[in-house]
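Here the structure is laid out as structure tokens; the discussion comes afterwards.
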Amino acid sequence: MTSIFGSPATYVQGINAFKDSYQYIERLGHKAILLADTVVLKIVGNDYLDYLQKNGLDVKKVQFHGEASDSEIKRVDEIGKDFGADLIIALGGGKTLDSAKAIADDLKINVAILPTLASTDAPCSRLSVIYTDDGAFEKYRFYDKNPDLVLIDTAVVAGAPSRLLASGIADALATNVEAQAVAQGHNQTMLGAQQTLVGNTIATKCEETLFKYGQEAYASVKAHAVTKALDKVVEANTLMSGLGFESGGLAAAHAIHDGLTALHGPVHDMTHGEKVAFGTLTQLYLEGADQERFEKYLSFDLKLGLPTTFKDLHLEGVSDEDLLKVGEQATSPEDTMKQMPFDVTAYDVAQAMKGVDAYSRAYQGLD
């Protein structure tokens with residue numbers, strides 16, 4: 001089978017990068033949709049709109065309604081068509097960015113991805129996670145190319161809540177765990193091909209960087225400080241994890257995240273990365289990881305305030321029936337559980353989740 005490696009055309013990262021971004025934006029188009037939600041518009045979006053307009057770009061601001069769903073994508077498609085856009089600029093978090101990639105694909109225009117957080121590995125990939133209007137996982141949507149530009153301002157990231165950086169670290173920490181499972185089974189990556197050596201190596205380097213600098217970066221963001229440790233972790237969360245998951249592949253950790261969307265209630269108050277953190281621990285349990293390896297990830301998650309028990313996920317007292325629902329969603333043919341190097345059933349997922357919860361409670365002395 002063919003091996004494929006994917007990456008954005010250009011990646012830019014630095015302090016105050018947004019204020020020096022027009023040189024990259026102007027190469028991509030002259031009539032742009034600026035897509036951002038209300039919170040991002042207030043924090044940085046309206047200022048960025050002024051910056052673009054002062055530099056002569058014809059920009060239409062469009063408020064993102066919060067869900068990367070087919071209906072939201074189609075709504076913005078129509079606005080883009082009416083405006084005659086030849087570029088969409090996405091400013092914000094994962095769902096805004098994923099929606100912009102879909103809109104660019106529909107309209108056959110360029111896309112610039114400007115994350116305001118380092119909370120997911122969505123920015124660099126040629127795919128989107130599409131949800132229903134109610135926030136349940138629906139499907140992955142794939143494109144012919146990666147974004148034309150990914151540009152991230154580390155000063156903006158440092159100003160965001162530390163919980164969101166921890167979420168990005170959790171999302172990125174799944175990258176190598178999943179990539180090695182895909183490699184073991186000689187299975188397909190998110191590009192529908194075999195891994196390249198480069199994709200696998202990036203996944204490994206991503207994990208190494210997070211364990212080395214993750215706690216320092218987390219402390220930096222708590223103080224809103226732009227440090228070298230933060231710079232390294234932003235690159236790991238965004239570029240390394242983005243390239244690593246796409247060209248390395250996804251497996252159980254993200255499938256379990258998607259499985260959790262089958263439940264209702266306060267679990268949906270958790271971020272993408274927080275749910276992936278629990279998914280990674282569950283994948284380690286599915287694999288039969290030894291105590292030393294499992295505790296390496298568990299103790300790291302605990303230091304970053306990530307969820308490691310059902311109570312942390314707002315699922316205290318969850319029934320076996322609901323855990324089986326998670327397992328059934330996670331093992332659906334649409335998802336990535338099939339890339340594990342062995343067969344996994346819904347029952348296996350439910351039992352592994354119970355194992356993680358019990359071990360973490362015992363490890364913390366909560367029993």
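Listed here are the strands (runs of 3 or more DSSP E) enclosed by region 25-135 that have at least 1 residues being in contact with a strand residue (DSSP E or B) (Cβ under 9 Å, 6 or more places away or on another chain) and of a type in the set (Ser, Thr, Tyr): 127-131. For residues in region 94-147 being of a type in the set (Lys, Arg) and touching a Phe, Trp or Tyr at 6+ places or on another chain (Cβ under 8 Å), which is nearest to Phe245 (Cα to Cα)? My answer is Arg126.
Cβ contacts < 8 Å: first residue on the phi > 0 side of the Ramachandran plot, restricted to region 102-115; second residue open to solvent by less than 40 Å² (accessible area, probe 1.4 Å), any location; separation 6+ or different chain. Result? Correct list of pairs: empty, since none qualify.
Okay, residues lined up against (1) at pLDDT below 95; (2) in a helix (DSSP H, G or I); (3) surrounded by 20 or more Cβ atoms within 10 Å (Cβ to Cβ); (4) among the aliphatic types (A, V, I, L, M):
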{"position": "Ile152", "(1), (2), (3), (4)": "no, no, yes, yes"}
{"position": "Thr175", "(1), (2), (3), (4)": "no, yes, yes, no"}
{"position": "Ala179", "(1), (2), (3), (4)": "no, yes, yes, yes"}
{"position": "Gln215", "(1), (2), (3), (4)": "no, yes, no, no"}
{"position": "Val233", "(1), (2), (3), (4)": "no, yes, yes, yes"}
{"position": "Thr238", "(1), (2), (3), (4)": "no, yes, yes, no"}
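Could you list, in sequence order, all residues of region 53-72 that are surrounded by fewer than 24 Cβ atoms within 10 Å (Cβ to Cβ) and closer than 20 Å to Thr120 by Cα? The answer is His65, Gly66, Glu67, Ser69. If you check Leu127, Leu97, Leu117, Leu107 for being open to solvent by 30 Å² or more (accessible area, probe 1.4 Å) and within 14 Å of the chain's Cα centre (by Cα), only one passes: Leu117. May I ask you to list the residues in region 299-322 that are among the acidic types (Asp, Glu) and either surrounded by fewer than 19 Cβ atoms within 10 Å (Cβ to Cβ) or at pLDDT below 95 (or both)? Answer for region 299-322, where residues must be among the acidic types (Asp, Glu) and either surrounded by fewer than 19 Cβ atoms within 10 Å (Cβ to Cβ) or at pLDDT below 95 (or both): Glu316, Asp320, Glu321, Asp322.
Between Gly159, Gly185, Gly168, the distinction of being under 27 Å from Tyr213 (Cα atoms) and open to solvent by 20 Å² or more (accessible area, probe 1.4 Å) belongs to Gly159 only. Do you know which residues across region 280-293 are in a loop (DSSP other than H, G, I, E, B) and either small (Gly, Ala, Ser) or in contact (Cβ under 8 Å) with a residue 12 or more places away in the chain (or both)? Hits for region 280-293 are Gly288, Ala289.
Determine, yes or no, whether Ala203 is at pLDDT below 95 and out of contact with any Leu (no Cβ under 8 Å at 6 or more places or on another chain). So Ala203 fails the test.
Quick check on this structure: which one of Lys325, Lys296 is among the basic types (Lys, Arg), in a helix (DSSP H, G or I), farther than 21 Å from Gly365 by Cα and open to solvent by 10 Å² or more (accessible area, probe 1.4 Å)? Testing whether each residue is among the basic types (Lys, Arg), in a helix (DSSP H, G or I), farther than 21 Å from Gly365 by Cα and open to solvent by 10 Å² or more (accessible area, probe 1.4 Å) leaves just Lys325. Do we have Gly242 as over 21 Å from Lys296 (Cα atoms), within 21 Å of the chain's Cα centre (by Cα) and crowded, with 17+ Cβ neighbours inside 10 Å here? Spelling it out, Gly242 is indeed over 21 Å from Lys296 (Cα atoms), within 21 Å of the chain's Cα centre (by Cα) and crowded, with 17+ Cβ neighbours inside 10 Å.
Within region 194-211, the set of residues being touching a helix residue (DSSP H, G or I) at 6+ places or on another chain (Cβ under 8 Å) and in a helix (DSSP H, G or I) comprises Val198, Gly199, Asn200, Ile202, Ala203, Thr204, Lys205, Cys206, Glu207, Thr209, Leu210, Phe211.
The values are calculated or read from the model by the stated rules, or taken from the named source; none is laboratory data. Computed from a prediction, not measured in an experiment: that's the story for all the values here. Here the Cβ is made from the backbone with ideal geometry for all residues, glycine too, and neighbour counts use every protein chain on show. Please note that ligands, DNA and RNA were not included when accessible areas were found on the heavy atoms of the full protein model with its side chains. Shrake-Rupley method; radii C 1.70, N 1.55, O 1.52, S 1.80 Å.
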